[in-house]
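Comments concern the structure below.
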Amino acid sequence: MSAVGRDIPHDSAKGHVTGESIYLDDVPPVRGELLVDFFYAKTSHAKVKSLDLTEAAKVPGVVALLTHKDLLGSNLFGPITKDEIILVEDEIMFMGQPIVIIGAEDRKAIEAAKAAIKIELEPLEAILSIKRAKELNSVIGPTRRIKRGDVEATLKNSAHVIENTFRNEGQEHFYLESQAAIAYPKENNQIEVHSSTQHPSEVQEVIAHFLGVPVNHVVCITKRMGGGFGGKESQATHPAVMASLVAFKTKRAARIIFNKDHDMQCTGKRHPFENTYKVGFDKDGRITALWAHLYSDGGAYNDLSSAVMARAMCHIDNAYWLPVVDVSGTICKTHFPPNTAFRGFGGPQGIATIENIMEEIAAYLGKDPLDVRKVNLYGVGENNITPYGEIIFDNNLHEIFENLEISSDYSKRKSEVDKFNRESKTHLKGIALSAVKFGISFNTKFLNQANALVNIYIDGSIQVSTGATEMGQGVNTNIKQIVASEFDIEPDQVIVMPTSTEKNNNTSATAASSATDLNGSAAVIACEKIKEGLTELAAHHLASKVADINPSPSSIRFEGGFVFDRRRPDTRLTFKELVKIAYMNRVSLGERGYYATKGLDWSWDAGPEGTASGHPFLYYTQGAAVSEVTIDRFTGELKVERVDILMDIGKPVNPGIARGQLTGAFIQGMGWVTTECLKYAEDGTLLSHSPTTYKIPNIQDTPEVFNVNWIDKENSVNVKGTKAVGEPPLCLGLSVWCAVKYALRSVSGAEIPKLILPASNEEIVMRLAEYESKTAQKKPADALT
Amino acid sequence: MRDYLHLFVNGKEHKISGSEAFQPLSTFLRWGLGATGTKIVCEEGDCGACSVLVGKLKDGKIDYQPINSCIQLLYQADLSHIITVEGLKQNGHLNPVQEAMVECHGTQCGFCTPGFVVAMCEYFDRSKSPCAQGIKDSVTGNLCRCTGYEPIIKAGLNVDMAGIVPLSELYPPAEMSKIFAKERSESVLIKTEDKTVFLPANLADAAKFKSEHSDAIIIAGGTDVCVVMNKRAYAPKVVMSFGNIEGLNEISVSENHIKVGATATLSQLEAFVKDRVPEFFHLLWVFGSPQIRNAGTLAGNIANASPIADTPPFLFVMDAVINLTSSKGNRQVRINDFYKGYKKFDMQADEFISSVEIPLPAKGEMVRLYKVSRRKHLDISTNTAAFKFKLNGNKIEDITIAYGGVAAVILRLPKTEAFLKGKQIELDVFHQAAELAVSEITPISDVRGSKEFRLQLAKNLLSKLFYEIKEGRIAACQQ
């Protein structure tokens, strides 16, 4: 049985369940190791008039107090644009921004130093909303645009037009392991950094920049993360830089571990969006044209905001054909911590917008939202070109919709929901089917490359190293199975090693759901190179054992742990024997594979009127979900009763791991659209900065019935026929939100119900109160008619 | 007087004295013993990653419960056997819970996993017939951000029950029990330069200590005060921790009331009231998490005096009585008279709560308790409400109402109560009552909800009560 397609446990599972897996703060301290923390801004926007470290320096146990003046490279950095200041100079740009790095012998000294730092500030106006940023034209980068056809004219000729604004709030990653790094100084200005990061190469490069050393002086190693979800893509660099600076300056090992409150207060989140749109449609709900302007809250610096906006704009179509479209995207510059990557990377925000539009069109026309979605689905062979010009070649959405509608018993349940809402005075029910079509590949073309190192040892055991980082998603297990399948040996003969920039250089972040695609493909190439040598060798070796055949490399087979010539299958070597022979015969047993995704391109100005266009994605992962909810009218308590998910994820390398991505992403998406509320004080202080006040889903919130399936279809363009699965199912959490919106239709009368995302109990109660009071006011008028 | 702590971790004996005794249990495990399987995430008992089993002597056996080790001070673990995730293997092999978690993909990033494994192992040690709801209930106090929980539930349903070695066999209790029983007769006093902790062996010692140290703060379960220590650098100089007082954790029932000892945990109470006051049982089910309820106490919930505490509204409508003890003797205060302002009480510096008496609902009385929170489980309430009432046909004969989360203290609503008395059970009546109710409260906006939301809830809960009465969903007490 091939190693690919098998449901084997996660390669770290045994360590996880016994507590033996090592995370950064579990690493025993070395002699002289220092603790690192930072003094950060407690105000959102201010001028620094003075900073006095005299008293702090006197605190016993304080070894290093570093400010921007101690940086050995320029203070500016950033993953896309170098616009971020890592240590405050004369202006605080967001609450939580680091000002002074403290290295000390113990926690007590750090706290005392923090208390002894004197800073004088002159408060400046803080921009703390998209609205205010728009008023002041405070933006990051240019407004981007995707355009097809004449929207203005089409809207004018459309039977119906809805014009509205839709707001979705941010989301905290809430990885369980907070940001962490340990730096070990090495000889000759070299440094080794262990970082809980999704992007070791970026950590390496940024550290080199701030230490003023060439990149080859820094090694960044990532064994694992206790969760990432995008929050450790660009923002793991900050702690790693801080630990490295202290280690570099003091020549002592230095460890930084954020506590949960500081982590939540100081790091960026999923971008809130406030989108204005005008949508034209016919009597069946078929969209004729969509005009939309997306505004995201980028926070104080660009970070990954421009890439997030690109993905949001590229996903406003989602599963639906928009014949005429004009979408713009503007990033607002505010005084919040820079918002950053979060599973979905703008995709969910774009998709939420169009799924909301589907519900609104249906509400406007008094139709079943599923019917509206169906008439708008991308076609097969026609109506299959995205607004940015990419052709959808593998549209499986129709099959998914048809199967899911039946398997979820949608129609019957919807009529039961409608009946329930007519009768119940105490509860409301809602049901919705929402879809996802998620583009796979980094929007940014050059990131779509990877390298892998495969080493076979003389006993036939294998080590693989790639740029992929393990954050629980199982990429290491996938790669292990892919490599094992290349030689058709058992997966337990392969170990995937900690990610290290020493083994794999210039790697891309483990992001965009594509770590297995990119790194798995690179590993396959490395295996193929080794196999070439081994095949040649085996051909000669086996032929020498059998009198009547000539060496024929093309006849050599690797099967079930054996190697043989297909013409004489009984004369066979074990893989291990062949490896030993290869070594004795000086045949290479280690290779590096390099992979670059073919056929991608993207331009911000190659489209009509200098708008964006291209072919940014290799393929699309698709799916849909039906969710049913029950709402307590008085308390707003929301219960997700049943969820049915059906996706197209190709042939997964490991079905168990793929399934875990589906359930995990869906529930994370459900959290985003329901209970996860980021609450800020007027001055920008984050009030919900720990699990006491920020509520991610609990096990009791999981749906009573949770059916998770995928259609059986190989993806011809990707490694082993798989499709990426990390992010897309998160977008299906929107079906829960849509179900709430649908439920509100039964109380909002002729009005299209309004609903902010997340649909928290507060939002639901306040919306219900609004509609009920309107109904009460209307009563006399009703009585007259 | 003993001047050290005596405990066991994964079967190994430890005696601890001096400043080490004052650290959180989790810190001792991770840094003192290098047992880093126990993870620290929130340091406030809201994620469960630091869960360990605490075994205490009970009827000659060791009774294990999962608790959050980050909000448990080491001195609270005196005379306990702590089992961490490292101590759960059976003969060097994965136990059936660990095995199922591996096979069913119950772990992804793994950071929450030790906590889940610990909590589930206790469930499978206790439960004879595991079910999905039981599994969920056992890990309500554990957050996972990766799996969506479905694989964890599946793992629970696939545990090989036959392969489970009971904890009492993994760690034979005989020797530990003997030590605990012997050591418990003596009070413990540990002093450092700037800190003192006293673990009285009996109430008399406790009262004496309190009369001599009026500044001593009292720890029953520590689930609130330890959070303040972790998060706001609260460092009390003198602490008296009640865990070793024999009998103080008893719950008893007489003809018309339940008496709850000061160290009786909310879990004990939950089990005790299950059939006696089902409505209170349902409220306790959504109180914090198992880990919190295994440590937290009713007395602590009262003494912490939070206006959003879950149990006081019920105690208010039942007119519970608080027994205060001091070296001068005992004194009783009605809970309705106990609170004198935000975190202020009718309690002298030398007094402490030794027990609480809760009257049982009388025959024909109905009790309804509401807790509104952003998330149903493992959350702190936005609003709470307790209603005790009696009906006479379609009329309200009598009603008592307490609201939480709507002012600096828990409030009774005298005007609303008076208005409703003798009224017909009609929606319009309850709507009028709702308008009165909002005139009696002064909620504020905070992270758990806006003022407007709280006012709306205050009204809505009366409507909810109306419909539930109308639809016959509230049972009257039969005895």
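What follows draws every value from the coordinates through simple rules; no lab data is involved. All values derive from a computational prediction rather than experimental measurement. Quick reminder, even Gly has a Cβ in these numbers, built from the backbone with ideal geometry, and neighbours come from all protein chains shown.
List of remarks:
- Applying Stokes-Einstein at 10 °C and 1.306 mPa s to the Kirkwood radius of segment B:91-164, computed over alpha-carbon pairs, gives a translational diffusion coefficient of 132 µm² s⁻¹.
- Share antiparallel - DSSP beta bridges, chain A, percent rounded to 5: 80
- Positive-end residue, segment A:686-763 charge dipole about Cα centroid, Cβ charges, pick of A:PRO758, A:VAL736, A:ASN709: A:ASN709
- Shape category assigned to segment A:328-370 from the gyration tensor of Cα positions, a/c cut at 1.5: prolate
- Based on DSSP H segments of at least four residues, each scored -39500 (n - 2.57), the protein assembly as shown has a per-residue ellipticity at 222 nm of -9000 deg cm²/dmol.
- About its Cα centre, the dipole of chain B is roughly 740 debye, where the only charges are +1 on Lys and Arg Cβ and -1 on Asp and Glu Cβ.
- Counts of other chain beta carbons within 10 angstrom of each beta carbon in peptide A:86-96 average 0.
- All aspartates and glutamates inside 17 Å of A:LYS529 as judged from Cα atoms, apart from same-chain residues fewer than 8 positions distant: A:GLU486, A:ASP488, A:GLU591
- Integer Hz, Karplus 6.51/-1.76/1.60 couplings in order for segment A:108-114, x for Gly and Pro: 4, 5, 4, 5, 5, 5, 4
- Signed unit charges on C-beta, dipole axis of the protein assembly as shown, positive-most listed residue B:PHE345, B:ALA174, B:TYR64: B:PHE345
- B:ASP446 long-range amide H proximity, modeled H, under 5 Å: B:LYS451
- For segment A:123-154, applying the loop criterion from DSSP together with a ceiling of 13 other beta carbons within 10 Å to the GluC sites (Glu not before Pro) yields A:GLU125.
- Sorted from greatest to least, the principal axis extents spanned by the alpha carbons of segment B:382-479 come out as 41, 26, 21 Å.
- Think of each Lys and Arg Cβ as +1 and each Asp and Glu Cβ as -1; about the Cα centre, that makes the dipole of the protein assembly as shown roughly 940 debye.
- Residues in segment B:5-16 carry Karplus couplings, in order, of 8, 10, 8, 10, 10, 6, x, 9, 7, 9, 10, 10 Hz; the curve used is 6.51 cos²θ - 1.76 cosθ + 1.60 with θ = phi - 60°, and Gly or Pro positions show x.
- Exercise: per-residue mean of other protein chain Cβ atoms within 10 Å, B:32-40: 4
- Here the Karplus relation 6.51 cos²θ - 1.76 cosθ + 1.60, evaluated at θ = phi - 60°, turns the backbone of segment A:652-665 into coupling constants of x, 4, 9, x, x, 5, 4, 4, x, 5, 5, 5, x, 5 Hz, with x for every Gly and Pro.
- Distant-in-sequence amide H partners of B:ASN383 (H built 1.01 Å from N, under 5 Å): B:VAL372
- Residue (of B:SER289, B:LEU248, B:ASN230) at the positive-pole extreme of segment B:183-317, dipole from beta-carbon charges: B:ASN230
- Restriction of the GluC sites (Glu not before Pro) in segment A:647-726 to DSSP coil positions whose beta-carbon has at most 12 other beta-carbons within 10 angstrom yields A:GLU682, A:GLU704, A:GLU714.
- Here the relative contact order of chain B, from alpha carbon pairs under 8 Å that lie six or more residues apart, stands at 11 percent.
- Dipole size of segment B:91-164 about its Cα centre, with +1 on Lys/Arg Cβ and -1 on Asp/Glu Cβ: approximately 160 debye, rounded to the nearest 20.
- Amide hydrogen proximity for A:TRP710: with H placed 1.01 Å from N in the peptide plane, the residues at 5 or more positions away or on another chain lying under 5 Å are A:MET647.
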